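Here's the structure we're looking at; comments come further down.
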């Protein structure tokens with residue numbers, strides 16, 4: 001069931017992607033597929049874990065059926081589920097198990113984003129959590145081959161997390177409010 005809110009959800013995710021992920025250069029690998037139109041933002045109407053898993057499987061099938069030159073990665077946005085980060089985090093294990101069950105764990109990788117994302121060992125308000133905060137829960141389905149290729153081209157992937165933490169720690173309070181309005 002599609003709702004009238006879904007175009008707004010897609011617009012918010014696209015704004016986050018262009019202003020935060022690309023704008024702050026949090027993922028140096030994202031610029032090329034975005035520029036080349038190889039990124040799909042798929043807003044799910046799922047309201048249960050089973051529906052979310054069905055949507056994940058459908059997106060994996062779509063990636064299987066489409067060449068990377070046309071579709072390299074999918075952001076599966078889950079706006080109606082898991083407002084609590086810990087519940088979403090539990091679902092990530094289920095999603096990874098689904099990749100294994102589909103025999104696609106070597107083909108695809110999942111990255112995760114959530115409005116209240118919190119890395120282990122951090123406090124909720126630690127700036128480094130901003131690197132994985134998005135306006136909605138999102139499963140980012142990446143082609144493992146594309147990730148490996150991007151890593152091979154990047155001079156030092158080990159510096160990316162440190163760069164990202166420094167970048168978000170350097171944001172002013174006004175910049176954080178502008179870039180992450182759902183946190184206010």
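If residue 70 meets every condition in (1) in contact (Cβ under 8 Å) with a residue 24 or more places away in the chain; (2) in contact with a helix residue (DSSP H, G or I) (Cβ under 6 Å, 6 or more places away or on another chain) apart from one, which number is that one?
(2)
For a quick check of your reading: which helices (runs of 4 or more DSSP H) sit entirely within segment 2-83 and have at least 2 residues that are at pLDDT below 95, out of contact with any strand residue (DSSP E or B) (no Cβ under 7 Å at 6 or more places or on another chain) and within 29 Å of residue 163 (Cβ to Cβ)?
31-35
Kindly indicate whether any position in segment 49-56 is under 14 Å from the mean Cα position of the chain (by Cα) and in contact (Cβ under 8 Å) with a residue 12 or more places away in the chain.
yes
Among the residues of segment 104-150, how many are free of Cβ contacts under 8 Å to residues at least 24 places away in the same chain, surrounded by fewer than 14 Cβ atoms within 10 Å (Cβ to Cβ) and either part of a loop (DSSP other than H, G, I, E, B) or touching a helix residue (DSSP H, G or I) at 6+ places or on another chain (Cβ under 6 Å) (or both)?
7
Scanning for something over 27 Å from residue 183 (Cα atoms), under 15 Å from the mean Cα position of the chain (by Cα) and surrounded by fewer than 18 Cβ atoms within 10 Å (Cβ to Cβ), does segment 80-96 turn up at least one residue?
Within segment 80-96, one or more residues are over 27 Å from residue 183 (Cα atoms), under 15 Å from the mean Cα position of the chain (by Cα) and surrounded by fewer than 18 Cβ atoms within 10 Å (Cβ to Cβ).
Got a number for residues in segment 106-123 being more than 15 Å from the chain's Cα centre (by Cα) and over 23 Å from residue 72 (Cβ atoms)?
Total meeting the criteria: 4.
Please indicate, with yes or no, whether at least one residue in segment 154-177 is closer than 15 Å to residue 73 by Cβ and either touching a helix residue (DSSP H, G or I) at 6+ places or on another chain (Cβ under 6 Å) or outside any loop (DSSP other than H, G, I, E, B) (or both).
no
The values are calculated or read from the model by the stated rules, or taken from the named source; none is laboratory data. Model, not experiment: these values are computed from the prediction. We place every Cβ from the backbone using ideal geometry, glycine too, and count neighbours over all the protein chains shown.
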